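Q: First the structure, then my questions, so here it is.
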Amino acid sequence: IESSGHFYFQDSFNADNGIIPTLLMMEIVSNSGKKLSDLVQFYRDEFFSSGELNFVLKEGVTLENVFQSLRDRFHGERENNIDGITLQFDGWRFNARPSNTEPKLRINVEANSKSQLNKAVVEIHEAMTDMAYYQGEEVDVETKFDKLIHNLWFSWNHHHIFPFSDLY
């Protein structure tokens with residue numbers, strides 16, 4: 001799962017699939033008898049995510065330059081290179097990877113607290129200043145989450161077929 005709404009399932013040949021998560025979420029909401037906002041409240045309270053921070057690399061800067069610079073600056077406790085570079089620390093982590101659809105570097109930050117998230121995002125912006133241009137809107141985390149839920153709802157029901165007026 002990623003913040004842009006792509007879901008991949010091993011049982012569907014590791015292909016991007018929007019129908020399966022829609023049906024699973026509808027089943028969860030239906031079986032729980034709760035509103036979607038009630039079901040996700042725990043995650044809103046306990047887990048914090050920056051959403052995608054998009055950067056365009058400056059001329060002459062390569063992905064390997066960026067990845068090595070991030071390694072040198074942050075010294076992660078754990079590193080994973082499956083999809084770009086993921087560095088993990090006590091209480092937070094980030095992933096930096098090239099977009100598959102645009103000439104951009106996408107960075108996602110996750111943390112156990114809002115203050116840690118904000119600190120990490122500032123540090124990453126500072127680290128990227130000499131290597132890339134930031135491409136994005138400055139929006140707080142709660143607004144990004146609300147946009148994600150709103151987009152998820154309309155991806156479920158873009159023709160308003162299902163009359164779930166009290167889900168969220």
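Q: Is it fair to say residue 74 is touching a residue at least 60 places away in the same chain (Cβ under 8 Å), surrounded by 14 or more Cβ atoms within 10 Å (Cβ to Cβ) and either hydrophobic (A, V, I, L, M, F, W, C) or over 20 Å from residue 125 (Cβ atoms) (or both)?
A: Working: touching a residue at least 60 places away in the same chain (Cβ under 8 Å): no; surrounded by 14 or more Cβ atoms within 10 Å (Cβ to Cβ): yes; either hydrophobic (A, V, I, L, M, F, W, C) or over 20 Å from residue 125 (Cβ atoms) (or both): yes.
It is false that residue 74 is touching a residue at least 60 places away in the same chain (Cβ under 8 Å), surrounded by 14 or more Cβ atoms within 10 Å (Cβ to Cβ) and either hydrophobic (A, V, I, L, M, F, W, C) or over 20 Å from residue 125 (Cβ atoms) (or both).
Q: Give the stretch 2-52 a look and list any residue that's modelled with pLDDT under 90, surrounded by 12 or more Cβ atoms within 10 Å (Cβ to Cβ) and β-branched (Val, Ile, Thr), or say none.
A: The answer is 20, 22, 40.
Q: To continue, here is another question. Go through the residues of the stretch 133-145 one by one and say whether even a single one is open to solvent by less than 20 Å² (accessible area, probe 1.4 Å) and at pLDDT below 95. Steps first, please.
A: Just the residues of the stretch 133-145 that are open to solvent by less than 20 Å² (accessible area, probe 1.4 Å), to begin with: none.
There is no residue in the stretch 133-145 that is open to solvent by less than 20 Å² (accessible area, probe 1.4 Å) and at pLDDT below 95.
Q: On to the next question. Within the stretch 84-130, which residues are polar (S, T, N, Q), farther than 16 Å from residue 71 by Cα and touching a residue at least 12 places away in the same chain (Cβ under 8 Å)?
A: Initially, the stretch 84-130 is screened for residues polar (S, T, N, Q), giving 86, 88, 95, 99-101, 108, 112-113, 115-116, 118, 129.
Subsequent filtering for residues that are farther than 16 Å from residue 71 by Cα retains 99-101, 112-113, 115-116, 118.
Scanning the stretch 84-130 gives 99, 112, 113, 116.
Q: Please identify the pairs in which a residue from the stretch 20-33 that is in contact (Cβ under 8 Å) with a residue 12 or more places away in the chain and within 19 Å of residue 10 (Cβ to Cβ) has its Cβ atom under 7 Å from the Cβ atom of a residue that is among the hydroxyl-bearing types (Ser, Thr, Tyr) and outside any helix (DSSP H, G or I), counting only partners at least 6 apart or on another chain.
A: none
The values are calculated or read from the model by the stated rules, or taken from the named source; none is laboratory data. None of these values were measured; they are calculated from a predicted model. Cβ atoms come from the backbone with ideal geometry, glycine included; neighbour counts cover every protein chain shown. Areas reflect the complete protein model, heavy atoms only, side chains present, ligands, DNA and RNA absent. Shrake-Rupley method; radii C 1.70, N 1.55, O 1.52, S 1.80 Å.
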